[in-house]
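Below is one structure, written out as structure tokens, with a few remarks after it.
The values are calculated or read from the model by the stated rules, or taken from the named source; none is laboratory data. This structure is a prediction, so every number in the text was calculated from the model and none was measured. Backbone-built Cβ (ideal geometry, glycine too); neighbour counts: all protein chains shown.
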Amino acid sequence: MPHRAAIAASLLTATAVAGSSAYAALWPQSQIFGEVLIAPKRPKEIALTYDDGPNDVATERLLEVLARYDVRATFFMIGRFVRQRPEIVRAVASAGHLIGNHTETHPWLPWQSATRIREELTACNAALADTLGAPVRLFRPPHGARRPYVLKVARELGLTTVQWNIIVQDWNPTTPEILLDRIQRGIGRNRKRGDASNIVLHDGGDTSLGQPRLPTVEATARLLELCKSTSTKFVTPEDWLKPT
């Protein structure tokens with residue numbers, strides 16, 4: 001019996017360790033593996049961030065919506081798509097939006113070798129710098145997944161890792177109405193906690209160009225229309241790095 005009890009205790013410990021490691025690697029707001037930027041205690045502020053672009057049609061339509069409401073956003077781009085659509089990347093930058101590193105090919109970084117992790121970040125940095133003529137300063141790991149070495153490489157490359165506190169699964173087939181409802185509920189939860197909202201949306205998809213993201217564009221337009229006569233302030237994650 002003591003032997004069985006010891007085995008059971010060991011299994012429970014192993015399960016707890018595995019659960020803790022998974023939380024640290026995959027929960028976007030976890031700080032266990034290292035500091036990541038989420039959102040400060042500024043409940044009236046919202047950061048719109050878009051992953052997986054640049055993407056034909058959707059990114060360009062999104063630029064039109066953001067210009068209509070004079071709102072700046074942040075685009076975390078995939079290096080291989082940057083190389084294929086540099087004109088869209090330059091249009092995003094020319095419109096005054098921020099651009100960040102989202103790796104070269106969008107892998108699950110925690111399970112990659114140290115060499116592959118560094119290659120993914122440096123290749124995307126190079127694609128963006130070559131296209132924009134200037135380095136980028138922000139990084140979002142694909143799926144929000146990381147391990148300590150991922151964050152270490154990002155810091156060495158001068159990148160601040162940015163996660164989120166609202167995600168609405170807009171990579172799945174959906175409607176603008178569903179997305180807007182999820183966004184609004186997320187903002188409400190954050191405001192009750194006294195937090196700003198850092199919303200991750202998708203103007204592209206990691207598998208290929210041409211992903212259908214127009215519901216995201218329309219949901220963005222509806223959110224901005226609802227907020228235009230309120231005290232809501234749209235910011236970028238970079239604004240949260242500045243001293244108040």
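Of the helices (runs of 4 or more DSSP H) lying entirely inside the stretch 136-244, those containing at least 2 residues that are assigned by TED's automatic domain parsing to the domain that holds Gly96, more than 23 Å from Leu121 (Cβ to Cβ) and of a type in the set (Ser, Thr, Tyr) span 214-227.
Restricting the stretch 33-54 to residues that are assigned to a strand (DSSP E or B) and of a type in the set (Val, Ile, Thr) leaves a set whose member that is nearest to Pro107 (Cα to Cα) is Thr49.
If you scan the stretch 90-104, which residues turn out to be polar (S, T, N, Q) and free of Cβ contacts under 8 Å to residues at least 40 places away in the same chain?
Once the filter is applied, which keeps residues that are polar (S, T, N, Q) and free of Cβ contacts under 8 Å to residues at least 40 places away in the same chain, the stretch 90-104 yields Ser94, Thr103.
Considering only residues that are in contact (Cβ under 8 Å) with a residue 60 or more places away in the chain and small (Gly, Ala, Ser), look in the stretch 138-176 and name the one that is farthest from Arg42 (Cα to Cα). Of everything passing the filter in the stretch 138-176, Ala145 is farthest from Arg42 (Cα to Cα). Being farther than 22 Å from Ala91 by Cβ, at pLDDT 95 or above and not polar (S, T, N, Q) is the requirement here; does Leu109 meet it? Yes. Within the stretch 112-127, residues that are in the same structural domain as Val153 (by TED's automatic domain parsing) sit with their Cβ atoms under 6 Å from residues that are outside any helix (DSSP H, G or I) and of a type in the set (Ser, Thr, Tyr), at 6+ positions apart or across chains, in these pairs: Glu120/Thr103; Cys124/Thr103.
The set of residues from the stretch 97-111 being farther than 15 Å from Ala154 by Cβ and either touching a strand residue (DSSP E or B) at 6+ places or on another chain (Cβ under 8 Å) or crowded, with 22+ Cβ neighbours inside 10 Å (or both) comprises His97, Leu98, Ile99, His106. Among the residues of the stretch 63-89, those identified as within 22 Å of Pro141 (Cα to Cα) and either of a type in the set (Val, Ile, Thr) or in a helix (DSSP H, G or I) (or both) are Thr74, Ile78, Gly79, Arg80, Phe81, Val82, Arg83, Gln84, Pro86, Ile88, Val89.
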